[in-house]
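The values are calculated or read from the model by the stated rules, or taken from the named source; none is laboratory data. Source: prediction; values computed, not measured. Counting neighbours? That spans all protein chains shown, and the Cβs are built from the backbone with ideal geometry, glycine included. We work out accessible area using only protein heavy atoms, side chains counted, and drop any ligands, DNA or RNA first. Shrake-Rupley method; radii C 1.70, N 1.55, O 1.52, S 1.80 Å.
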Amino acid sequence: MPTMELADWLDEYSGQRFVWYVKRLTANDTQANGSHQAGPHVSKEFLFRLFPTIARRDVKNPDVRFILSVDSHADSREVRAVYYNNKFHDNPASGRNEARITGFGGSTSALLDAESTGAIAVLAFGIPDDGAATECHVWVCRHETEEDFVEDRIGPVEPGKAIVWPPAQLSMLTGAAPSRSSCWLAENEIPAAWLTKFPTGAQLVQKAIELRSELSLNPDQRLLRRRDCEYEIFRSVEQAVELPNVTAGFATIDDFIARAQSILQRRKARAGRSLELHTRQIFVEERLSEGTHFSFQPESESNKTPDFLFPSEAAYKDASFPADKLRMLAVRTTCKDRWRQIVNEADRVHEKHLLTLQEGVSENQFKEMLDCKVQLVVPAKIIVSFPKPLRPHIQTLESFIGDVRLLTT
């Protein structure tokens, strides 16, 4: 059991002496997919900044050892930060070129436990004056309440997108501001109205579609490409709007807290709506007519609002319409704990479909989903993150769209 509560832990290991690396553990991290990796993946560039002695190619697999304590599970041990650089030694064609932290003792560590797949992990590295890390304290969130607590502090933690916190430490580590990418808007590219009133989620999605139309791509590819693009647009607008406020300073601590909370809440609101809006647009582009082939955020029963019903809300509420031709799709960026929320969302639909971007689940959790008649829908690129035995039982978005087309034929 942990020796302190999460709130106390976050306070204890924050401030100028610590930099956090926050991510959702993938099935590859936890070994849930049988990959037998020796530890969770951490950005190579990030580890190079923390442990500069391993940032070299002249020595094969340079490493450094330090103490890592998983305080959420009372587990402390010496681990190894290693740069696997076989690509520059044994096998230039297919050798490894990545950095990892290893030596966790297998599945006995919460970081490698298959049941931690999808959980938020906060790695707090102690940074002395010389800049080289000397210790690491870790918290692996054990349930949704703890994840909400972390996200209330730093904003949403999405699958596949690690966060370095605080942002000031990111500049210290990288030595640069965020680099311009194809969807990052320069200030002169941002609509003037967005600088006085922050754009809605729908406006951000439409801008992503403008920059990433890519109708030749299949729905799975299109969804992921556009969502990444929309996130970059959001962050570029956020910087243009909020950075002047931050650099101007604040008259009181309360003013600072109010501004910070406003920024975090906006980030969470975007994360909560983004995937739904992109999915709706994909359906329309795939010639599914809203109101005829699907309904967006309809009412199934009193106080029940699933994300999508197929073929329509009217068909669902028509008692004479065959129940076996009804479908429901819930949309959740992550599903580790949240999948249970959808089980009772549409009483007439026997099997619920759940679209998620989470990079893997444990086999035990997948069995729970199947027992509750929940069918996962996952973009094809992400399915490879799931344990091999589960992959044949997961549906792609393209396949799901093909199935719902048949409901009205």
Selection count where residues are over 25 Å from residue 364 (Cβ atoms) and out of contact with any strand residue (DSSP E or B) (no Cβ under 9 Å at 6 or more places or on another chain), scope the range 96-131: 4
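For the range 355-409, give me the residue count where each residue is under 17 Å from residue 288 (Cβ atoms) and open to solvent by 10 Å² or more (accessible area, probe 1.4 Å). Don't jump to the end; show me each part of the working.
We begin by selecting, within the range 355-409, every residue under 17 Å from residue 288 (Cβ atoms); these are 355, 377, 395-409.
With the extra rule that they be open to solvent by 10 Å² or more (accessible area, probe 1.4 Å), the set shrinks to 395-396, 398-399, 402-403, 405-409.
Going through the range 355-409 one residue at a time, the tally reaches 11.
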Breaking point among (1) assigned to a strand (DSSP E or B); (2) exposed (fewer than 15 other Cβ atoms within 10 Å of the Cβ); (3) of a type in the set (D, E, K, R); (4) within 26 Å of the chain's Cα centre (by Cα), for residue 148: (1)
One residue from 7, 74 being open to solvent by 20 Å² or more (accessible area, probe 1.4 Å), modelled with pLDDT of 90 or more and within 23 Å of the chain's Cα centre (by Cα): 7
Checklist (1) open to solvent by less than 40 Å² (accessible area, probe 1.4 Å); (2) part of a strand (DSSP E or B) applied to residue 61, failing item: (2)
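Is it the case that the range 263-285 has a residue that's over 20 Å from residue 153 (Cα atoms) and either in contact with a His (Cβ under 7 Å, 6 or more places away or on another chain) or surrounded by fewer than 16 Cβ atoms within 10 Å (Cβ to Cβ) (or both)? Can you show your working first?
Step one: of the range 263-285, the residues over 20 Å from residue 153 (Cα atoms) are 274-285.
Narrowing further to those that are either in contact with a His (Cβ under 7 Å, 6 or more places away or on another chain) or surrounded by fewer than 16 Cβ atoms within 10 Å (Cβ to Cβ) (or both): 284-285.
Yes, that holds for at least one residue.
Could you grab me the full set of residues in the range 207-234 that are free of Cβ contacts under 8 Å to residues at least 24 places away in the same chain and surrounded by fewer than 16 Cβ atoms within 10 Å (Cβ to Cβ)? Steps first, answer last, please.
Of the residues in the range 207-234, the ones free of Cβ contacts under 8 Å to residues at least 24 places away in the same chain are 210, 213-214, 216-217, 225.
Across the range 207-234, the qualifying residues are 210, 213, 214, 216, 217.
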Within the range 81-95, considering residues that are of a type in the set (Ser, Thr, Tyr) and either modelled with pLDDT under 90 or open to solvent by 20 Å² or more (accessible area, probe 1.4 Å) (or both), the one farthest from the chain's Cα centre (by Cα): 94
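Give the residues of the range 16-53 that are closer than 28 Å to residue 359 by Cα and β-branched (Val, Ile, Thr), sorted by residue number.
We begin by selecting, within the range 16-53, every residue closer than 28 Å to residue 359 by Cα; these are 18-51.
Once the filter is applied, which keeps residues that are closer than 28 Å to residue 359 by Cα and β-branched (Val, Ile, Thr), the range 16-53 yields 19, 22, 26, 30, 42.
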Residues of the range 111-137 satisfying the condition of being open to solvent by 10 Å² or more (accessible area, probe 1.4 Å) and under 24 Å from the mean Cα position of the chain (by Cα): 113, 114, 115, 116, 137
Any pair with Cβ under 8 angstrom, 6 or more apart, that starts in the range 359-376 at a residue that is hydroxyl-bearing (Ser, Thr, Tyr) and ends at one that is open to solvent by 20 Å² or more (accessible area, probe 1.4 Å) and not in a loop (DSSP other than H, G, I, E, B): 362/114; 362/115
Total residues in the range 322-344, condition surrounded by 18 or more Cβ atoms within 10 Å (Cβ to Cβ), aliphatic (A, V, I, L, M) and not in a helix (DSSP H, G or I): 5
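For residue 237, are the conditions met, namely being open to solvent by 30 Å² or more (accessible area, probe 1.4 Å), β-branched (Val, Ile, Thr), in contact with a helix residue (DSSP H, G or I) (Cβ under 9 Å, 6 or more places away or on another chain) and in a helix (DSSP H, G or I)? I'd like the intermediate steps shown before the answer.
Working: open to solvent by 30 Å² or more (accessible area, probe 1.4 Å): no; β-branched (Val, Ile, Thr): yes; in contact with a helix residue (DSSP H, G or I) (Cβ under 9 Å, 6 or more places away or on another chain): yes; in a helix (DSSP H, G or I): yes.
So residue 237 does not fit the description; no.
For (1) in contact with a Phe, Trp or Tyr (Cβ under 7 Å, 6 or more places away or on another chain); (2) under 19 Å from residue 285 (Cβ atoms); (3) in a loop (DSSP other than H, G, I, E, B); (4) not aromatic (Phe, Trp, Tyr), each residue gets a yes or a no:
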| site | (1), (2), (3), (4) |
| --- | --- |
| 320 | no, no, yes, yes |
| 348 | yes, no, yes, yes |
| 358 | no, no, yes, yes |
| 375 | no, no, no, yes |
| 382 | no, no, no, yes |
| 386 | no, no, yes, no |
| 400 | no, yes, no, no |
| 403 | no, yes, no, yes |
